[in-house]
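Trainee: Sharing a structure with you now.
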Amino acid sequence: MKKILFLHGVNHNMFGKRDPVQYGTVTLDEINQKIEKLAKELGCAVETFQTNHEGEMCEKIHQAHLDRVDAVVINAGAWTHYSYALRDALAILKVPIIEAHMSNIHAREEFRHYSVIAPIAKGQIAGFGVHTYLLGLRAALESIRENQ
């Protein structure tokens, strides 16, 4: 069974409370439940992880390499735009990386338009709210199939 790791970045524990215009009212727990439900339907395993600590996120990525996960879907939040440490940790992985954002980062403030993760990602999905993650799961599975 294929295993996909979902990484939720800084401040994502505040989904449902933070800026509902951009992120809606869905909570991180509700997002994870939807991911797990779809994963079951698609016949794959998922693990979800959220932290507000950059080093913990890097360590989780290192563990994903050791555990040989099949793909990663990451919404790094603000780290997307400046965390070279996170980018370098992700570059260790030899599996598809799907970058995901609930809001359309290209329609927001200029500093959000640039991603240090995008050059090493298979692709980027942005602007579809909670559906971004579900599309990310489907994209990850398709990317795994392409690499076999």
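Trainee: Select from the range 116-147 the residues that are among the charged types (D, E, K, R) and at pLDDT 95 or above and write down the one among them that is nearest to residue 38 (Cα to Cα).
Mentor: My answer is 138.
Trainee: Continuing with the same structure: Could you please let me know if residue 108 is over 18 Å from residue 13 (Cβ atoms), surrounded by 14 or more Cβ atoms within 10 Å (Cβ to Cβ), touching a helix residue (DSSP H, G or I) at 6+ places or on another chain (Cβ under 7 Å) and of a type in the set (D, E, K, R)? Show your work before the answer.
Mentor: Details: over 18 Å from residue 13 (Cβ atoms): yes; surrounded by 14 or more Cβ atoms within 10 Å (Cβ to Cβ): yes; touching a helix residue (DSSP H, G or I) at 6+ places or on another chain (Cβ under 7 Å): no; of a type in the set (D, E, K, R): yes.
When the stated conditions are applied, residue 108 does not pass them.
Trainee: Out of the range 85-112, which residues are closer than 22 Å to residue 130 by Cβ and among the aliphatic types (A, V, I, L, M)?
Mentor: Listed by number, the residues that qualify are 97, 98, 100, 102, 105, 107.
Trainee: Looking at the range 78-96, which of its residues are without any contact (Cβ under 8 Å) to a residue 60 or more places away in the chain, small (Gly, Ala, Ser) and part of a helix (DSSP H, G or I)?
Mentor: Residues satisfying the conditions are 85, 89, 91.
Trainee: Do you know which of the residues in the range 33-66 that are among the small types (Gly, Ala, Ser) and in a helix (DSSP H, G or I) is surrounded by the fewest Cβ atoms within 10 Å (Cβ to Cβ)? Reasoning before the result, please.
Mentor: Our first condition is that a residue be among the small types (Gly, Ala, Ser); within the range 33-66, this holds for 39, 43, 45, 55, 64.
Next cut, in a helix (DSSP H, G or I) only: 39, 55, 64.
On the way: 39: 22, 55: 11, 64: 24.
Among residues in the range 33-66 that are among the small types (Gly, Ala, Ser) and in a helix (DSSP H, G or I), the one surrounded by the fewest Cβ atoms within 10 Å (Cβ to Cβ) is 55.
Trainee: Turning to a different aspect of this structure: Could you look through the range 78-93, keep only residues that are more than 22 Å from residue 26 (Cα to Cα) and at pLDDT below 95, and pick out the one that is surrounded by the most Cβ atoms within 10 Å (Cβ to Cβ)?
Mentor: 81
Trainee: Given the condition at positive phi, among the small types (Gly, Ala, Ser) and surrounded by 15 or more Cβ atoms within 10 Å (Cβ to Cβ), answer yes or no: does some residue in the range 2-17 qualify?
Mentor: Yes: the range 2-17 contains one or more residues that are at positive phi, among the small types (Gly, Ala, Ser) and surrounded by 15 or more Cβ atoms within 10 Å (Cβ to Cβ).
Trainee: Out of the residues in the range 67-77 that are within 20 Å of residue 32 (Cα to Cα) and not in a loop (DSSP other than H, G, I, E, B), state the one that is modelled with the lowest pLDDT. Give the derivation first.
Mentor: We begin by selecting, within the range 67-77, every residue within 20 Å of residue 32 (Cα to Cα); these are 69-77.
From what's left, not in a loop (DSSP other than H, G, I, E, B): 71-75, 77.
On the way: 71: 98, 72: 98, 73: 98, 74: 98, 75: 97, 77: 93.
Looking at residues that are within 20 Å of residue 32 (Cα to Cα) and not in a loop (DSSP other than H, G, I, E, B), I get 77.
Trainee: When you go through (1) free of Cβ contacts under 8 Å to residues at least 24 places away in the same chain; (2) surrounded by 20 or more Cβ atoms within 10 Å (Cβ to Cβ); (3) of a type in the set (D, E, K, R) one by one for residue 99, which number turns out not to apply?
Mentor: The single condition residue 99 does not satisfy is (1).
Trainee: Give the residues of the range 34-70 that are among the aliphatic types (A, V, I, L, M) and over 16 Å from residue 140 (Cβ atoms), sorted by residue number.
Mentor: Correct list: 57, 66.
Trainee: Need pairs with beta-carbon distance below 6 Å; first residue farther than 21 Å from residue 108 by Cβ and within the range 1-27, second at pLDDT 90 or above and among the polar types (S, T, N, Q); sequence gap 6+ or separate chains.
Mentor: 6/48
Trainee: Conditions: (1) in contact (Cβ under 8 Å) with a residue 12 or more places away in the chain; (2) closer than 14 Å to residue 130 by Cα. Residue 33 meets all but one. Number of the miss?
Mentor: All conditions are met except number (1).
Trainee: Quick one: count up the residues across the range 98-148 that are over 13 Å from residue 71 (Cβ atoms) and either in a loop (DSSP other than H, G, I, E, B) or small (Gly, Ala, Ser) (or both).
Mentor: Total satisfying the criteria: 16.
The values are calculated or read from the model by the stated rules, or taken from the named source; none is laboratory data. None of the values given here were measured: they were computed from a predicted structure. Cβ sites come from the backbone with ideal geometry, for glycine too, and all protein chains shown count toward neighbours.
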